[in-house]
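Below is one structure, written out as structure tokens; comments come after it.
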Amino acid sequence: MFPSISLAQEIGLAVLLVAALVWVAGLGHMLWGSRFRQPEPVAAEALPMIPAQRGSAGHPMESVQLTEAEEQAFAGLIRTIPLH
């Protein structure tokens, strides 16, 4: 076909051309198929499926009664956290 390139180069060029055509056809098919598809639901529409967060009166295992010494230790620990 081309007198200046070898047979292996011609075969490589043909394979590359076929691969490019297949890629373009696949891309066109993907874009054409997505034209008619409905968009995914927005996250705000899915929120009603998430249960509401409980208030302070939650399950008894979600709270712990602290002793006076533990409350003071916790308060001291909180005071050591730098607030910027």
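The values are calculated or read from the model by the stated rules, or taken from the named source; none is laboratory data. Source: prediction; values computed, not measured. Just the protein is used for accessible areas: all its heavy atoms, side chains included, with ligands, DNA and RNA removed. Shrake-Rupley method; radii C 1.70, N 1.55, O 1.52, S 1.80 Å.
Could you please let me know if MET61 is of a type outside the set (Ser, Thr, Tyr), modelled with pLDDT under 70 and not in a loop (DSSP other than H, G, I, E, B)? So MET61 passes the test. Looking only at residues of the range 32-46 that are in a helix (DSSP H, G or I) and open to solvent by less than 100 Å² (accessible area, probe 1.4 Å), we find that the one that is modelled with the highest pLDDT is GLY33.
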